[in-house]
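See structure below.
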Amino acid sequence: MSIRRLFLFAPLLFAACQSFGQLNSESARIKQLNVYQDSLATLGKIFINNENDLERKNANYQFIKTLVSALKVPNSFLFPFDSVKSISIINSPDNRFRILSWHVVNQDGSYRFYGTIQLNTGGPLKMFPLEDYSPLLKNPEDSVTDNRKWYGAQYYKIVPVYAQKPYYVLIGWKGNTIKSTKKVIDALSFNNDKPVFGMPVFDGNGKNRKRVVFEYIRQASMLLRYVPEQNLIVFDHLVPPDPKMKDQHETFGPDLSYDGYKLKNGRWVYQDNLDMRNIPDNSDNELIDPKKQAAQDKKSIQKN
């Protein structure tokens with residue numbers, strides 16, 4: 001081969017080797033993330049289903065360490081971790097961030113929530129661990145907090161609001177105690193790229209709220225979902241079984257009527273007695289308690 005041809009061929013050879021190296025590197029990255037995913041799926045089953053309190057907490061501790069290692073892998077934001085059924089992973093519609101959230105049941109039947117916000121940096125990992133501060137938040141509907149004082153929940157919907165100060169509405173499930181369950185509508189904004197939870201944008205029904213918290217008897221189910229066609233968050237109207245029990249929210253349940261919050265000029269305005277005939281039927285995939293889902297799946301297998 002002449003020297004001239006060698007000089008012409010060398011850049012092509014270099015480009016081919018570089019391309020092969022990138023493909024090989026991408027394959028190794030995906031393989032590594034899949035290994036992490038398998039470990040996370042196994043640990044998740046333990047902290048959801050194991051009857052031993054210490055075993056659940058140890059599994060959750062290992063889960064957190066493994067998850068952090070997985071998220072440190074380059075471009076992990078693009079990896080869905082969809083085999084890890086014990087946690088909720090939802091991306092913001094603008095793909096700016098995603099929230100990974102989950103819960104562990106305590107020995108007394110109460111819940112502790114865990115999570116992180118992962119920003120889509122396109123490069124090195126940037127995330128904000130979420131530390132459940134619920135027991136110490138005496139007035140959660142009036143509180144503005146950061147990720148270190150998070151009103152823990154397991155989220156199943158993110159709604160962006162393009163107001164003068166853009167923010168996101170988070171809709172989540174918040175198991176509470178052996179007597180009652182909670183659900184929450186929260187607001188997430190970013191101040192200098194740092195997350196802030198709570199914003200005074202929920203108006204009506206007697207007061208202005210920074211987040212909205214629902215509590216109802218554990219045996220009941222509650223509808224809480226976003227209807228994009230109407231910029232509306234709709235939910236069951238909760239009432240006590242007896243007017244004398246109006247302060248005992250753990251006894252509340254749906255009365256077959258519906259209320260909501262309607263988005264108007266960047267704020268959510270309370271609406272009562274909604275006509276559900278005008279609400280589309282394509283409901284969001286609301287979170288189901290993974291432990292209850294596992295029990296249902298087990299029953300289904302036994303029947304078959």
Open item on the list: With out of contact with any Phe, Trp or Tyr (no Cβ under 7 Å at 6 or more places or on another chain), outside the structural domain of Ser134 (by TED's automatic domain parsing) and not basic (Lys, Arg) as the only criterion, which of Asn95, Asn75 stands out?
Closed with: Asn75
TODO: From the list Val73, Val35, Val104, pick out the single residue that is of a type in the set (A, V, I, L, M), within 16 Å of the chain's Cα centre (by Cα) and over 25 Å from Val169 (Cβ atoms).
DONE: Val104
Open item on the list: Where the second residue is part of a loop (DSSP other than H, G, I, E, B) and the first is surrounded by fewer than 19 Cβ atoms within 10 Å (Cβ to Cβ) and lies in the range 59-84, which pairs have Cβ atoms under 7 Å and are six or more apart or on separate chains?
Closed with: Lys72/Leu125
TODO: Might you let me know whether the range 125-133 holds any residue that is aromatic (Phe, Trp, Tyr) and either within 13 Å of the chain's Cα centre (by Cα) or in a loop (DSSP other than H, G, I, E, B) (or both)?
DONE: yes
Open item on the list: For a quick check of your reading of the model, give me the residue pairs whose first member lies in the range 121-142 and is farther than 21 Å from Ala70 by Cβ, whose second is assigned to a helix (DSSP H, G or I), with beta-carbon atoms closer than 6 Å and at least 6 apart or on different chains.
Closed with: Tyr133/Lys149
TODO: Starting from residues that are aliphatic (A, V, I, L, M), within 18 Å of the chain's Cα centre (by Cα) and not in a loop (DSSP other than H, G, I, E, B), keep the ones in the range 176-226 and report whichever is nearest to Phe128 (Cα to Cα).
DONE: Val196
Task: Qualifying position, being under 17 Å from Ala153 (Cβ atoms), modelled with pLDDT of 95 or more and either crowded, with 17+ Cβ neighbours inside 10 Å or not assigned by TED's automatic domain parsing to the domain that holds Tyr155 (or both), among Lys210, Lys262 - done: Lys210
Open item on the list: If a residue must be more than 15 Å from Leu100 (Cα to Cα) and either in contact (Cβ under 8 Å) with a residue 60 or more places away in the chain or under 13 Å from the mean Cα position of the chain (by Cα) (or both), how many such residues does the range 166-175 contain?
Closed with: 3
- [ ] Determine, yes or no, whether Asn75 is at positive phi and either at pLDDT below 95 or among the β-branched types (Val, Ile, Thr) (or both).
- [x] yes
Open item on the list: Any residue in the range 243-265 that is over 16 Å from Lys182 (Cα atoms) sitting within a Cβ distance under 6 Å of a residue that is among the β-branched types (Val, Ile, Thr) and assigned to a strand (DSSP E or B)? List the pairs, counting only those 6 or more apart or interchain.
Closed with: Asp255/Val239; Tyr258/Val234; Gly260/Ile233; Gly260/Val234; Tyr261/Ile233; Lys262/Val269
Open item on the list: Can you list residue pairs whose Cβ atoms sit under 6 Å apart, with the first residue in the range 186-209 being under 21 Å from Arg148 (Cα atoms) and the second being at pLDDT 95 or above and among the acidic types (Asp, Glu)? Count only pairs 6 or more apart in sequence or on different chains.
Closed with: Phe197/Asp186; Arg209/Glu141
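The values are calculated or read from the model by the stated rules, or taken from the named source; none is laboratory data. All of these numbers come straight from a predicted model, not from anything done at the bench. Using ideal geometry, Cβ is built from the backbone for each residue, glycine included, and neighbour counts are taken over all protein chains shown.
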